[in-house]
């Protein structure tokens, strides 16, 4: 074993490029700073592979000659320079040229040296990176119906190319196949399906002219510094650990990451992954403990856990297709995620949000729905969500959530087990319930509250029914939010009524929006009714913000508790600003229990 160091620019295969001759099997290699070397070698015959490859200058993979690089087991590609496996645009490796990179068990990239290695991967991408099944296909089927004609692609989607048939159930029923022939509306495989496929399942192309295969227990791309890893194309086969590990701001705009065995490995364990295109398919985990990852395009399909512990994940585009039974698209500690676009297709027994707190949704489409939010997922806020398909349970023992204008009518069950909340003062509330302006429905451990028009004070067009469900001191309550703008004042009339004598008398609190009167915090004001029956009792709160410099956010909290009987509530807000209109003011929900 020797160490070969570049002495100038040149081809890898030229003896004059190196101090002691062309690198041989087991040799360590150094691309010295300031030198540019073109890799034009075929190392497929190496028994072991080159040792550590240190790139302090620039190493460019040939764009005219097909090449093969092999790295010794447990060795790394590292350095402070740049490794171009093609570059963006015209510098991409053309389809006719192939580059293969692999090695012994545990080889990988180490991007953590000093200023860090830069790696660019740009081969040739297919026009269609994936297609979808246009009909159901049974076990044993070889001819698979698809909704996209790929016969016009000369480079890809041809005999011998490999594909992955994914499932909305995660890795279950996901499998790898080889193409035998292609027609306009069907693709025939050399082998038969081992599990049935449904309409809409994704058939993802795996073959590329650039292939990088990690082996055994290695992490693939490790420790890359801010924005120094760019995957624009290529087939990346992950090993037993993480494909992208401990990197900062890696970018994946194309290509495909797959596991060595379906249902194993993690695609990304890194900070702030930017997934703008490409495919992550068939893995155990897609984005794992990758804080502030973003997905604006591409596809995550056939994975058991699309996200896991991905705090601050943001979805603005692309498709997350399926996951494992009883898991979720936003799963297991993916707190403070934001779903602002894109499409998520659920497992029939999964959740959109599972064990992840303070998720904000406004603009995402949720297909083939089963369950929406699981227990132990706190503080979800949904302002815009398109829901299609057969649906199951909206909330499963959900401690807190706020929904605005979301139609839940297609769900079989709205709430499962709300009286069994772990948190006695948790609340799930829907404003403009089922898309009806002004309608409300809320669940607490102590009972249910809904807007209604059957029992109302004189002159009112809407009131609320609270149905206590607890015989103990656990209260049923609901919130209503409003704003008093700077320079204005308000009078708030509150009304309470009950149908039976009660030990715990109904009351209403006035507090700031972030106040917690149900947790024992002193409210700004309150009103408790007497033990009268079937009689409306009223009180008035006043708020003066005429000298204020900013808008103030408030809430009314209506509270009831009873072994039997119902409680009714109503309110009206009047503008009392000097010189103002003096008329009634419509309450508009602010941001609910949390501000985002």
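The values are calculated or read from the model by the stated rules, or taken from the named source; none is laboratory data. Model, not experiment: these values are computed from the prediction. Using ideal geometry, Cβ is built from the backbone for each residue, glycine included, and neighbour counts are taken over all protein chains shown.
Quick rundown of the values:
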{"item": "Test for residue 433: is it over 24 Å from the mean Cα position of the chain (by Cα) and either closer than 14 Å to residue 478 by Cα or modelled with pLDDT of 90 or more (or both)", "result": "yes"}
{"item": "Positions within the range 10-36 being within 19 Å of residue 65 (Cβ to Cβ), touching a helix residue (DSSP H, G or I) at 6+ places or on another chain (Cβ under 9 Å) and either part of a loop (DSSP other than H, G, I, E, B) or in the same structural domain as residue 103 (by TED's automatic domain parsing) (or both), in sequence order", "result": "22"}
{"item": "Yes/no for residue 262 being surrounded by 19 or more Cβ atoms within 10 Å (Cβ to Cβ) and part of a loop (DSSP other than H, G, I, E, B)", "result": "yes"}
{"item": "Lone unmet requirement of (1) touching a strand residue (DSSP E or B) at 6+ places or on another chain (Cβ under 7 Å); (2) more than 29 Å from residue 176 (Cα to Cα) for residue 100", "result": "(2)"}
{"item": "Residue match in the range 97-105 (condition: outside any loop (DSSP other than H, G, I, E, B) and more than 19 Å from residue 215 (Cβ to Cβ))", "result": "no"}
{"item": "Residue match in the range 33-48 (condition: free of Cβ contacts under 8 Å to residues at least 12 places away in the same chain and over 21 Å from residue 87 (Cβ atoms))", "result": "yes"}
{"item": "Test: residue in the range 193-200 that is surrounded by 20 or more Cβ atoms within 10 Å (Cβ to Cβ), assigned by TED's automatic domain parsing to the domain that holds residue 99 and either within 21 Å of the chain's Cα centre (by Cα) or in a strand (DSSP E or B) (or both)", "result": "no"}
{"item": "Yes/no for residue 567 being in contact with a helix residue (DSSP H, G or I) (Cβ under 6 Å, 6 or more places away or on another chain) and either surrounded by 14 or more Cβ atoms within 10 Å (Cβ to Cβ) or in contact (Cβ under 8 Å) with a residue 24 or more places away in the chain (or both)", "result": "no"}
{"item": "Residue among 473, 469 that alone is modelled with pLDDT under 95, touching a helix residue (DSSP H, G or I) at 6+ places or on another chain (Cβ under 6 Å) and farther than 19 Å from residue 555 by Cα", "result": "469"}
{"item": "Checklist (1) over 23 Å from residue 345 (Cα atoms); (2) at pLDDT 95 or above; (3) not in a strand (DSSP E or B); (4) not assigned by TED's automatic domain parsing to the domain that holds residue 70 applied to residue 154, failing item", "result": "(2)"}
{"item": "Test: residue in the range 292-302 that is closer than 19 Å to residue 205 by Cα and without any contact (Cβ under 8 Å) to a residue 12 or more places away in the chain", "result": "no"}
{"item": "Qualifying positions in the range 287-310 - surrounded by 24 or more Cβ atoms within 10 Å (Cβ to Cβ), at pLDDT 95 or above and in a loop (DSSP other than H, G, I, E, B)", "result": "293, 298, 302, 303, 304, 310"}
{"item": "Single residue of the range 570-596 satisfying the filter (assigned to a strand (DSSP E or B) and at pLDDT below 95) that is surrounded by the fewest Cβ atoms within 10 Å (Cβ to Cβ)", "result": "584"}
{"item": "Unmet requirement for residue 65, which otherwise passes all of (1) farther than 24 Å from residue 222 by Cα; (2) assigned by TED's automatic domain parsing to the domain that holds residue 231; (3) surrounded by fewer than 16 Cβ atoms within 10 Å (Cβ to Cβ)", "result": "(3)"}
{"item": "Subset of the range 68-79 that is at negative phi and more than 33 Å from the chain's Cα centre (by Cα) - its residue that is surrounded by the most Cβ atoms within 10 Å (Cβ to Cβ)", "result": "71"}
{"item": "Number of the condition not met by residue 114 [criteria: (1) surrounded by fewer than 22 Cβ atoms within 10 Å (Cβ to Cβ); (2) farther than 22 Å from residue 26 by Cα; (3) modelled with pLDDT of 95 or more]", "result": "(3)"}
{"item": "Failed criterion for residue 325 (all others in (1) in contact (Cβ under 8 Å) with a residue 60 or more places away in the chain; (2) part of a loop (DSSP other than H, G, I, E, B); (3) buried (at least 20 other Cβ atoms within 10 Å of the Cβ) hold)", "result": "(3)"}
{"item": "Count of residues meeting criterion [buried (at least 16 other Cβ atoms within 10 Å of the Cβ), at pLDDT 95 or above and not in a strand (DSSP E or B)] in the range 436-454", "result": "1"}
{"item": "Filter result for residue 334 (out of contact with any helix residue (DSSP H, G or I) (no Cβ under 8 Å at 6 or more places or on another chain), assigned to a loop (DSSP other than H, G, I, E, B) and at pLDDT below 95)", "result": "no"}
